[in-house]
1. Kindly provide the set of residues from region 1-32 that are loosely packed, with under 10 Cβ neighbours inside 10 Å and in a helix (DSSP H, G or I), ordered by number.
2. Taking the residues in region 39-61 that are in contact (Cβ under 8 Å) with a residue 24 or more places away in the chain and in a loop (DSSP other than H, G, I, E, B) as candidates, determine which candidate is nearest to ASP75 (Cα to Cα).
3. With respect to LEU36, determine if the residue is assigned to a loop (DSSP other than H, G, I, E, B), of a type in the set (A, V, I, L, M, F, W, C) and out of contact with any His (no Cβ under 9 Å at 6 or more places or on another chain).
4. Restricting to region 20-35, name every residue that is aliphatic (A, V, I, L, M) and more than 11 Å from the chain's Cα centre (by Cα).
5. Search region 9-36 for residues that are free of Cβ contacts under 8 Å to residues at least 24 places away in the same chain and pair each with any residue that is of a type in the set (Val, Ile, Thr) when their beta-carbon atoms are under 6 Å apart and the residues are at least 6 apart or on different chains.
Amino acid sequence: MSKFRLAVNDRRNDDTLFVNVLCFGKMAESLQPRLLKGRLVSIQGKVKVDDYEDENKVKRSSVCIMADEISLGPDPSSIVNLNQ
């Protein structure tokens, strides 16, 4: 099993949503050495939302994706930014 957090940026404003991702079996084994901060990732799977109360009795929600398929983009160290 592999569990990681994915940052989803909204380019219309500066909001970032952090989503937990779970994957299992050979997918989890093969992803572990390849997941790097800043790498583009495409995930298909089931979305699960859990509602809970934190220690201060504030209602919160947690979003998790149970991954069926994950595609990786290029290694972030190989990307050349031409706008600099």
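1. GLY25, LYS26
2. ARG39
3. On the way: assigned to a loop (DSSP other than H, G, I, E, B): yes; of a type in the set (A, V, I, L, M, F, W, C): yes; out of contact with any His (no Cβ under 9 Å at 6 or more places or on another chain): yes.
Answer is yes for this residue.
4. Applying the first criterion (aliphatic (A, V, I, L, M)) to region 20-35 yields 21-22, 27-28, 31, 35.
Listed by number, the residues that qualify are MET27, ALA28, LEU31.
5. Filtered contacts from region 9-36: ASN9/THR16.
Coordinate-derived values only; no laboratory data. Just so you know, these numbers come straight off a predicted model, no measurement behind them. Every residue, glycine among them, receives a Cβ derived from its backbone with ideal geometry; neighbour counts consider all protein chains shown.
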